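First up is the structure itself, then whatever we jot down about it.
Only the coordinates and a few stated rules stand behind these numbers; no lab work does. In this text, all values refer to a predicted model and were calculated from it rather than measured experimentally. Glycine gets a Cβ as well: all are built from the backbone with ideal geometry, and neighbour counts include every protein chain shown.
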Amino acid sequence: MKFRELETELIEVIERTHNVMSFRFDDRGEVTFRPGQFFQLFLDWEGEELDHWFSFSSSPTEKGFFEFTKKMSESDYSDALRALEPGSRVRIKYPMGKFIYEGEPDRAAFLSGGIGITPIRSICRWLTDTGSKADARVLYSARTPGDFVFLDDFEEMTRRNPNLSLVLSLTDAAPPGDWDCRAGRICSEMVREEIPDYRDRTFFICGPPRMVEGMVGMLKDDLALPAAQIISEDFKGY
């Protein structure tokens, strides 16, 4: 695959949760990618060039900008991101990755935890905006209610797209009384109950490495799904 490079500038920063931020950059009318892919971002910080890989959390259908979303930490890279202001210039190399879904096969399931929802948001926005008839079911887990990212987006998408459904699950807190939400980690029992036709779906898994490893093992060992029906990508901390 031949990668492209682009210099561009920051448009805005959006606070998604108490520790998650989205960064939007001018796409210059040039940035093309497929839903679920990622790119490499280069930043200058204290005389050193830093680089990291981020999934596009925006969809190819959203024009004028591209976006990534990050859980902020105490790393030098997070500090460099915090120092960015509208107009700050960066360089990217793109597109990368095979964690792609554009409606084929026509039944898919997505398992995600924490910030791993970012490429899945890109995919679901693409399916919704293009009017895809593909049936997509998303199981998304987080520690507390305040840790879910893009909830407003997903609520809007599920209203518009009758073929898209979202199931939330909390691992470290009891679900609020007015929430339609599961308790506990995503497990084989939850998959059987929420996705009864799981044998006929391709599963896409994205999240922290240990979660991804556990979900892949669960699908293979507990639910006897073949490897060909499982596509995964893990997010390593930075």
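A few comments on the model shown:
- Region 1-50 shape via C-alpha gyration tensor axes, a/c threshold 1.5: oblate
- Percent antiparallel among DSSP beta bridges (both partners in the chain, rounded to 5): 55
- 3J(HN,Hα) couplings calculated from phi for region 42-54 with the Karplus curve 6.51 cos²θ - 1.76 cosθ + 1.60 (θ = phi - 60°) are, in sequence order, 10, 10, 8, 9, 6, x, 10, 8, 9, 9, 7, 9, 9 Hz; Gly and Pro show x.
- For the chain, the C-alpha radius of gyration sits at 1.00 times the compact-globule guess of 2.2 N^0.38 Å, with N the residue count.
- Subset of Lys63/Lys220; Lys70/Lys98; Lys2/Lys220 violating a 32 Å alpha-carbon distance limit: Lys63/Lys220; Lys2/Lys220
- Residue-by-residue Karplus 3J(HN,Hα) for region 179-193, coefficients 6.51, -1.76, 1.60, Hz, glycine and proline x: 9, 8, 8, 8, 10, x, 6, 5, 9, 5, 4, 5, 4, 4, 6
- The chain: relative contact order in percent, alpha carbon pairs under 8 Å with at least 6 residues between: 19
- Cα convex hull of region 4-96, projected area averaged across orientations, nm²: 5.6
- For Lys71, the lysines whose Cα falls under 20 Å of its own Cα, not counting residues fewer than eight places away in the same chain, are Lys236.
- Principal-axis tilt of helix 117-129 within the chain, Cα atoms, nearest 10 degrees: 80
- Reference-scaled alpha-carbon Rg (2.2 N^0.38 Å with N residues) for region 107-234: 0.98
- Residues with amide H under 5 Å from that of Val20, placed H, sequence gap 5 or more: Met72
- Here the Karplus curve 6.51 cos²θ - 1.76 cosθ + 1.60, taken at θ = phi - 60°, turns the phi angles of region 88-95 into couplings of 4, 9, 9, 10, 10, 10, 7, x Hz, with x standing for Gly and Pro.
- Selection among Thr32, Ala228, Pro175 by position relative to the dipole of the chain gives Ala228 as farthest towards the positive end (Cβ unit charges, Cα centre).
- For Arg4, the residues 5 or more places off, or on other chains, whose built amide H falls under 5 Å of its own are Tyr94.
- Taken as Cα centroids, region 159-211 and region 1-80 sit 27 Å apart, rounded to the nearest whole angstrom.
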